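Below is one structure, written out as structure tokens, with a few remarks after it.
The values are calculated or read from the model by the stated rules, or taken from the named source; none is laboratory data. Because the structure is a prediction, the values reported are computed rather than measured. Methodologically, a virtual Cβ is constructed for each residue, glycine included, from the backbone with ideal geometry; neighbour enumeration extends over all protein chains shown. Ligands, DNA and RNA are stripped out before the accessible areas are found, and what is left, the full protein with its side chains, is counted by its heavy atoms. Shrake-Rupley method; radii C 1.70, N 1.55, O 1.52, S 1.80 Å.
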Amino acid sequence: MLVTIAVFLGIDAIWLGIIAKGFYNTQLSAFNRTLNIPAAILAYILLSLGLYYFVISKADGDTASAVING
């Protein structure tokens, strides 16, 4: 579970900080962009729980099965 959260954070940091940074700055600049820490923590926990429950636990240690079901 903790590994799932760490991977989510890493991928999200790369996406938001490097890959799509320019897009978000131009397209979402009109929105209030204050960081809501409790909502972010809850979102990462719920996403990780969902991923773990629906994909990882069903894979039974088989990487190919995890990729196909995920």
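Of the numbered criteria (1) loosely packed, with under 11 Cβ neighbours inside 10 Å; (2) under 12 Å from the mean Cα position of the chain (by Cα), the one A43 fails is (1).
The selection criterion, being among the charged types (D, E, K, R), open to solvent by 90 Å² or more (accessible area, probe 1.4 Å) and either touching a strand residue (DSSP E or B) at 6+ places or on another chain (Cβ under 9 Å) or at pLDDT 75 or above (or both), does not hold for K58.
Residues N25, N32: which one is out of contact with any Cys (no Cβ under 6 Å at 6 or more places or on another chain) and open to solvent by less than 80 Å² (accessible area, probe 1.4 Å)? I'd like the intermediate steps shown before the answer.
Values: N32 fails: open to solvent by less than 80 Å² (accessible area, probe 1.4 Å).
Every option except N25 fails the conditions.
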